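First the structure, in the form of structure tokens, and then the observations on it.
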Amino acid sequence: MSFVKLSTSAVAIAVVTATTAAARDQVQVAGSSTVLPYAAIVAEAFGENFEFPTPVVESGGSSAGLKRFCEGVGENTVDIANASRQIREREIAACAENGVTDIIEVRIGYDGIVFASQQTGPAFTEFQPSDWYTALAAELPVDGKMIANPNTTWDSVNAALPAVDIAAFIPGTKHGTREVFEEKVLLQGCEDTGAMQAMMDMGMDEDAAESACMAVRTDGKSVDIDGDYTETLARIDSNTNGIGVFGLAFYENNTDKLKVATMGGVQPTTETISTGDYPVSRPLFFYIKKAHIGVIPGLKDFAEFFVSDEIAGPDGPLAEYGLVSDPALSETQAAVADEKVLGGNS
């Protein structure tokens with residue numbers, strides 16, 4: 001499969017509301033905010049290169065998208081649910097109760113983020129999630145109460161780190177990688193240091209403690225970047241002590257400017273991210289309602305286009321945006337082509 005053109009404006013994600021889809025000749029997609037930018041890129045390219053309308057792509061989160069997906073079969077229900085995790089057994093059961101019995105699971109690749117700084121800057125070479133939590137948390141539990149984060153330099157967080165001011169440039173709350181940064185770095189670091197347990201010992205419930213773990217300081221030591229990785233790179237270029245969060249593919253295209261640190265003792269590579277050995281990574285999915293294939297025009301074509309080599313392969317636009325291509329992509333392509341469903345063959 002090949003495609004003729006891919007508009008660069010696809011990277012400027014547009015979330016389309018459901019009310020836009022007046023006619024049900026459009027594929028409807030809902031779910032993960034992490035998968036959203038990838039799905040938006042594919043949807044725009046699909047609309048430009050096929051005779052089908054551009055699919056409607058909405059966000060809302062993995063759980064919300066799967067809930068809508070499982071509401072039933074028919075034109076008033078979504079065709080695809082994006083998810084930054086695998087569908088849960090209770091969600092499969094909820095789907096079945098509403099007549100959604102044949103579900104096709106599609107793994108599109110892996111979400112992996114790296115921590116990189118100026119080639120000639122301080123020796124940021126090794127990190128643990130606890131370092132980033134302790135550096136960036138808005139508040140820390142100390143002696144039974146929450147206090148404003150007093151750490152201003154990296155060596156005050158971990159004596160093995162450089163004695164330079166904390167200057168972190170992290171994905172903004174609208175960015176697709178913010179969620180994995182919060183869950184795999186800040187929350188993990190909070191748990192590793194014992195801070196989460198300390199918060200619950202102070203009387204917080206688990207949800208409140210998790211929120212506190214992922215709350216980022218706003219005193220200028222940490223800066224949200226809502227733009228693409230080129231903006232983060234520009235901030236690093238202008239700040240010798242700066243360290244930023246990037247997608248692996250972007251870093252690999254800028255190794256002349258950036259050096260990368262290990263996380264949890266593991267070097268980030270396509271292999272370590274795709275195997276899950278690198279701790280700041282996870283597989284990304286979308287789920288197709290098989291009953292809608294052949295009923296909703298272009299549904300299978302869109303799914304096959306999404307996982308084609310030209311789109312989801314290592315040289316495709318999704319990798320350029322930060323997706324780590326799946327080494328087993330050909331198996332996914334075959335599963336989509338054969339309409340292989342969960343718990344069965346086809």
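The values are calculated or read from the model by the stated rules, or taken from the named source; none is laboratory data. Please read these numbers as outputs of a predicted model, since none were measured by experiment. Neighbour counts run over all protein chains shown; Cβ positions are idealised from the backbone, glycine included. Only protein heavy atoms, including side chains, enter the accessible area calculation; ligands, DNA and RNA are left aside. Shrake-Rupley method; radii C 1.70, N 1.55, O 1.52, S 1.80 Å.
A few notes on this one:
- Charged-residue dipole, Cβ positions (Lys, Arg, Asp, Glu), the chain about Cα centre, Debye nearest 20: 240 debye
- Using a probe radius of 1.4 angstrom, the carbon and sulfur fraction of the accessible surface of the chain is 47%.
- Over the C-alpha atoms of region 57-124, the Rg to Rh ratio, Rh being the Kirkwood estimate, stands at 1.26.
- Extreme residue, positive dipole direction of the chain, given options Gly316, Ile92, Ser211 (C-beta unit charges): Ser211
- Region 195-346 - Kirkwood radius from inverse mean 1/r over Cα pairs (Å): 19.0 Å
- Of all complete DSSP H helices in the chain, not one has a Cα span along the helix axis of 27 Å or greater and a mean Kyte-Doolittle hydropathy of 0.5 or more.
- Other-chain or far-sequence residues with amide H under 5 Å of Gly109's (modelled H): Leu284
- Theoretical gain in end-to-end length, Asp301 to Ser330 [0.36 nm per residue, Cα-Cα removed]: 8.8 nm
- Region 109-214 - Debye-derived log10 I(q)/I(0), Cα point model, q = 0.12, 0.14, 0.16, 0.23 Å⁻¹: -0.42, -0.57, -0.74, -1.33
- In a simple Cβ point-charge model (Lys, Arg +1; Asp, Glu -1; nothing else charged), region 180-297 has a dipole of about 460 debye relative to its Cα centre.
- Take the chain with all the other protein chains still there, run a 1.4 Å probe, and you get 42 Å² of accessible area per residue.
- For the pair Asp207 and Asp226, label points projected 7 Å from Cα toward Cβ lie 2.6 nm apart.
- The sum of -39500 (n - 2.57) across all DSSP H runs of n ≥ 4, divided by the residue count of the chain, sets its helix-only mean residue ellipticity at 222 nm to -8500 deg cm²/dmol.
- In this structure, the residue pairs whose Cα-Cα separation is over 24 Å, taken from Lys184/Lys290; Lys221/Lys257; Lys184/Lys300; Lys67/Lys289; Lys145/Lys221, are Lys184/Lys290; Lys184/Lys300.
- Sequence ranges 86-99, 42-55, ranked by mean other-Cβ count within 10 angstrom, highest first: 42-55, 86-99
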